[in-house]
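See structure below.
The values are calculated or read from the model by the stated rules, or taken from the named source; none is laboratory data. As the structure is a computational prediction, the values presented were derived from the model and not from experiment. FYI the Cβ positions are ideal-geometry reconstructions off the backbone, even for glycines, and counts take in every protein chain you see.
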Amino acid sequence: MGRAEARRARQGSARRTEPKDKKSGIRRFFTWKKLLGAFLGVCLLGILGFIGLYLYVDIPKGNSAAKLQSNVFKYADGKVMARVGDVNRETVPLDRIPKDVQRTFVAAENKSFYDDSGVDLKGTLRGVLNTLRGQGKQGGSTITQQYVKNYYLSQEQTVSRKLQEIVISLKVDQKFKKDAILAGYINTSYYGRGAYGIQAAAQAYYGKDVEKLTVSEGAYLASLLQAPSQYDISTATPAGKKRVKERWAYTLDNMVEMKWLSAADRAKQTFVNPKPPKPLPGLSGQTSYLVKQAKQELFAQGVDETEFEAGGWTVTLGIDKKKQQALEKSVKHKLSDDLDPKKRKVDADAQLGATSVDPKSGHIVAMYGGDGPPKHYTNNATRSDYQPASTFKPLILASAMENNEVTQDGNPITPNTIYDGRNRRPVVGGDIGFAPPNEDEHTYGKISVQTAMNNSVNAVFAQMGADVGLEEIKKTAVSLGMDGSKIDTKPAMTLGTMGASPLQMAGVYATLDNHGKKVTPTLVKKAVHPVNGVETEVPLKDPIGDQVLSRRTADTLTSVLTGVVSDGTASEAVRNTAYEAAGKTGTSDDNKSAWFVGYTPKLVTAVGMFGESPKGGAQVSLKGTGGGGRVNGGGYPARVWADYTESALGGDAGAEFDLDTDLGAAIPSTPPPTPSDTPSTSPTPSDKPSQTPSGTPSSPSGRPTDTASGKPSDPATPSDPGSSPPGGEDGGENGGNTEKPPGGGADVGNKPNSFTDFN
């Protein structure tokens, strides 16, 4: 072997023993092919994982918080009376939202909404990365994603929730139409001021319903969603005010770009500051009574209480806001201003309740229940634990005429029928002995039923009760709307000893005013709630029912009751008013309640005043209230009624009753008979409980004009048998706040055999 070959051999051996190049090995491991393969593998795994997640995750049920709504109660004119519920939200269908206002939300939040698949992948990825970096809440979501977050998920910011949001958004976009998604978004979003959903926001910021929003107002509400508290003009910093106005302008500019708003219309838009924030209308004062009564009506008609309390209902009441305010003012001016509990303890016992009804529609237009919580929780307008007293007497005459009943002498009972009005006269023909006192022990001779009604003569109606039959009277009372379970068929019922509420008595007298067609006073006019996204109206019973009295009977009673106003126990309070009226007063035993139920051709109002101890709620006497004597129906109740009715009627005060009758005080008197027409023998007074009608025409006041047939049977009786006793029914001047009338007479309120009612 030569030297050259030996050298080559040594070099080859060295190369064989030299270690491999490490760098070249790493390059071989990270080749571009392997990197691409790994990337594709990861992508495949991600896709497979997403497919698995998509298949695994279903659209969940909406979370309970997103479904919570307030119930909205409105006046008859549509203005909001109260919002009741834990969440101030009122879901509305999309067709109630003006089209331009709908578009402001798309222009502000997601211009590609109508074309996208429900997810903005780029924006979502950015949000996920920012979340991983701990940078908090980030935008970039579509309207669909925001709706999913509001309605189906929570507001937490985690990667897992964000992935859920993406999957559910894709499925929601496939399952629902874009309009349904937009409606859900607008109705579930929070706008600040405690308002969830656009309807609540429209009221909170502009004091109007969503239908009346302008495009400029819609653009502001859409702009709020980015930062509700920072963008509320009333509380925003200067920087916040600047930013929200910029976003408002941005929204309108986008609408022009999307060809939803012309450039000319855009130029006309001006930013109008919303109204200052106000507390949500809630349950205070009379509103608390009205809302509670409305709910009771709905539940009684089959509305499920649990479903109702879940929210979303809009309930329109028949309450006329002006009449409601007028009633509250009348109570204050005619009663409350007279009361001074610090000076007179009895003044703290005085409670008043009233119900005012439109007799043609049957809807309650005003209601007064008391001082309101927390001072007084019981609704005095609906309570039925006090006696209605003499306001029940017209029902006795109604039953007599409707059933063609006759007196003990066999004479038909009409307003002209003559009865014996002697004080404590024993009732004849009854199963139980009964001899009630007249008010202030006043005695009358032979008087007409009309005069007895004017002056509320107990002796006459006690006897008429026996003539008609207590069971028949009860049937009539129940048919007119009174609670039969509270009517005990004993002689004292003729004096109104059962329990009744102003609400019930308003219905009874409204039926008379409505010519005998049954009126059931009803507070709720309309109730609407969403069913599968569609506003559905609940069918409600018609407040106007069947004919329960003949028109002739009802109209005769109205005619008779005009005499109580023009010449009877309510005349001091009501006679000089500018409207035609009828009604009846009542004062119960021991002066625990006092009433006036009156009506005009267009309005029926029952006013009850009750003595209730502030401690324990026991029934107590009203005697001495306001610094006077006995409180009676012709006093405070009639004054409140007259003041309210005049204000409530306003320019409508001139209406006249349309009566189909030839009887009663409202019917002009006929000329007295000539001597040739006079019977040869005059009726002779006797001890019988009733007399054959004298046949003598009555004056408009209902007083007989034949003094011979009405000769007093008691020296204390006035020479005119039809005249009122001194002081009238209520025992005092001006409707009576003195204990005894000027003409004397014992105060029998505490006598053990004094059954009840003195007017």
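Worth a mention:
- Filtering 518, 475 for residues that are of a type outside the set (Ser, Thr, Tyr) and without any contact (Cβ under 8 Å) to a residue 60 or more places away in the chain leaves a single hit, 518.
- Residue in segment 212-228 that is under 22 Å from residue 312 (Cα atoms) and free of Cβ contacts under 8 Å to residues at least 60 places away in the same chain present: yes
- The residues of segment 477-496 that are small (Gly, Ala, Ser) and either surrounded by 24 or more Cβ atoms within 10 Å (Cβ to Cβ) or in contact with a Gly (Cβ under 7 Å, 6 or more places away or on another chain) (or both), listed by number, are 477, 481, 496.
- Failed criterion for residue 261 (all others in (1) assigned to a helix (DSSP H, G or I); (2) under 28 Å from residue 192 (Cα atoms); (3) touching a helix residue (DSSP H, G or I) at 6+ places or on another chain (Cβ under 7 Å) hold): (1)
- Selection within segment 69-116 - part of a strand (DSSP E or B) and either free of Cβ contacts under 8 Å to residues at least 12 places away in the same chain or within 30 Å of residue 170 (Cα to Cα) (or both): 88, 89
- Inter-residue pairs, beta-carbon under 9 Å, first on the phi > 0 side of the Ramachandran plot and in segment 378-394, second at pLDDT below 95 and aromatic (Phe, Trp, Tyr), 6+ apart: 389/758
- Among the residues making up segment 197-209, those that are of a type outside the set (Gly, Ala, Ser) and surrounded by 24 or more Cβ atoms within 10 Å (Cβ to Cβ) are 198, 199, 205.
- Taken as a whole, the structure places residue 432 among residues that are in contact with a Lys or Arg (Cβ under 9 Å, 6 or more places away or on another chain), of a type outside the set (Phe, Trp, Tyr) and surrounded by fewer than 18 Cβ atoms within 10 Å (Cβ to Cβ).
- Filtering segment 79-120 to residues that are surrounded by fewer than 19 Cβ atoms within 10 Å (Cβ to Cβ), basic (Lys, Arg) and at pLDDT below 95 leaves 79, 96, 111.
- Meets criteria (crowded, with 18+ Cβ neighbours inside 10 Å, within 30 Å of residue 82 (Cα to Cα) and without any contact (Cβ under 8 Å) to a residue 60 or more places away in the chain) for residue 191: yes
- Counted residues, segment 634-651 - those being more than 13 Å from residue 354 (Cα to Cα) and more than 25 Å from the chain's Cα centre (by Cα): 3
- Residue match in segment 323-344 (condition: outside any helix (DSSP H, G or I) and within 27 Å of residue 87 (Cβ to Cβ)): no
- Candidate set from segment 381-421 (those that are part of a loop (DSSP other than H, G, I, E, B) and of a type in the set (D, E, K, R)); member that is surrounded by the most Cβ atoms within 10 Å (Cβ to Cβ): 383
- Flag if residue 499 is surrounded by fewer than 23 Cβ atoms within 10 Å (Cβ to Cβ) and within 24 Å of the chain's Cα centre (by Cα): yes
- Of the residues examined, residue 543 is one that is at pLDDT 95 or above, within 27 Å of the chain's Cα centre (by Cα) and either crowded, with 23+ Cβ neighbours inside 10 Å or not basic (Lys, Arg) (or both).
- Test: residue in segment 360-373 that is small (Gly, Ala, Ser), within 30 Å of residue 525 (Cα to Cα), in contact (Cβ under 8 Å) with a residue 12 or more places away in the chain and part of a strand (DSSP E or B): yes
- Taking segment 346-381 as the range and being within 17 Å of residue 324 (Cβ to Cβ) and of a type outside the set (Gly, Ala, Ser) as the test, the residues that pass are 352, 355, 357, 358, 363, 364, 365, 367, 368, 371, 379, 380.
- Unmet criterion (only one of (1) free of Cβ contacts under 8 Å to residues at least 24 places away in the same chain; (2) closer than 24 Å to residue 195 by Cα; (3) aliphatic (A, V, I, L, M)) for residue 272: (1)
- Residues that are more than 24 Å from residue 644 (Cβ to Cβ) and at pLDDT 85 or above within segment 306-321 comprise 308, 311, 312, 313, 314, 315, listed in sequence order.
- Of all the listed residues (355, 287), the sole one being assigned to a helix (DSSP H, G or I) and either at pLDDT below 95 or closer than 24 Å to residue 644 by Cα (or both) is 287.
- Hey, residue 310 more than 29 Å from residue 652 (Cα to Cα), over 19 Å from the mean Cα position of the chain (by Cα) and among the small types (Gly, Ala, Ser) or not: no
- Flag if residue 484 is within 18 Å of residue 399 (Cβ to Cβ), in contact with a Ser or Thr (Cβ under 7 Å, 6 or more places away or on another chain) and of a type outside the set (Lys, Arg): no
- Scanning segment 136-149 for residues that are at pLDDT below 85 and either within 18 Å of residue 120 (Cβ to Cβ) or buried (at least 19 other Cβ atoms within 10 Å of the Cβ) (or both) yields a total of 5.
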